[in-house]
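Undergrad: This is the structure I want to talk about, given as structure tokens.
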Amino acid sequence: MTPVTRQEVLGLYRKIFRIAKKWQSASGQIEETIKEKEYIKNEAKTLFRKNKNATDPKLIKQCIEECEARIEIGLHYNIPYPRPIHLPPMGLAHKQGRMLRHQEKLRKISKPIYLKSHDEVS
């Protein structure tokens, strides 16, 4: 990891914890706010620890982009949890064969960047 990338990653990590420190839930309830602050901290710790040994520049760039997207979406909607995606169901594909593999590939490609690591951790 280059020194510039390292600084960028550490800056994002600090930014997340500053956001968590000032976070207010949309409902304004204290219990909700505490729960959401803990979620933000735990999610950040989990994802950063999971990717701490990453050396591939493309993977690091993808993780940084995902982090920035999740921060922006969370601040915009005032919801720390990843937003759900709406993909068409796979009910039309056969249970086996090329069509099913093709549908699975399309679903994987169409997944937004801010949800790439969510399924792996949750």
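Undergrad: Between a residue in the stretch 58-75 that is within 14 Å of Thr5 (Cα to Cα) and any residue that is of a type outside the set (A, V, I, L, M) and part of a helix (DSSP H, G or I), which pairs come within a Cβ distance under 7 Å, given they are 6 or more apart or on different chains?
TA: Ile60/Thr5; Ile64/Glu8
Table: residues versus (1) at pLDDT 95 or above; (2) among the basic types (Lys, Arg); (3) touching a helix residue (DSSP H, G or I) at 6+ places or on another chain (Cβ under 6 Å).
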position: Thr2; (1), (2), (3): no, no, no
position: Ile16; (1), (2), (3): yes, no, yes
position: Ile19; (1), (2), (3): yes, no, no
position: Lys22; (1), (2), (3): yes, yes, no
position: Ala26; (1), (2), (3): no, no, no
position: Gln29; (1), (2), (3): no, no, no
position: Lys35; (1), (2), (3): yes, yes, no
position: Glu38; (1), (2), (3): yes, no, no
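Undergrad: Criterion first (hydrophobic (A, V, I, L, M, F, W, C) and touching a Cys at 6+ places or on another chain (Cβ under 9 Å)) does Ala26 satisfy it? Break it down into steps so the answer makes sense when it comes.
TA: Numbers: hydrophobic (A, V, I, L, M, F, W, C): yes; touching a Cys at 6+ places or on another chain (Cβ under 9 Å): no.
Judged against the criteria, Ala26 is not a match.
Undergrad: Right, next: Looking at the stretch 1-51, which of its residues are open to solvent by less than 100 Å² (accessible area, probe 1.4 Å), touching a residue at least 12 places away in the same chain (Cβ under 8 Å) and of a type in the set (D, E, K, R)?
TA: Selection gives Glu8, Lys15, Glu36, Lys37, Lys41, Glu43, Lys50.
The values are calculated or read from the model by the stated rules, or taken from the named source; none is laboratory data. The model shown is predicted, which means the values in this text are computed figures rather than measured ones. Cβ sites come from the backbone with ideal geometry, for glycine too, and all protein chains shown count toward neighbours. Areas reflect the complete protein model, heavy atoms only, side chains present, ligands, DNA and RNA absent. Shrake-Rupley method; radii C 1.70, N 1.55, O 1.52, S 1.80 Å.
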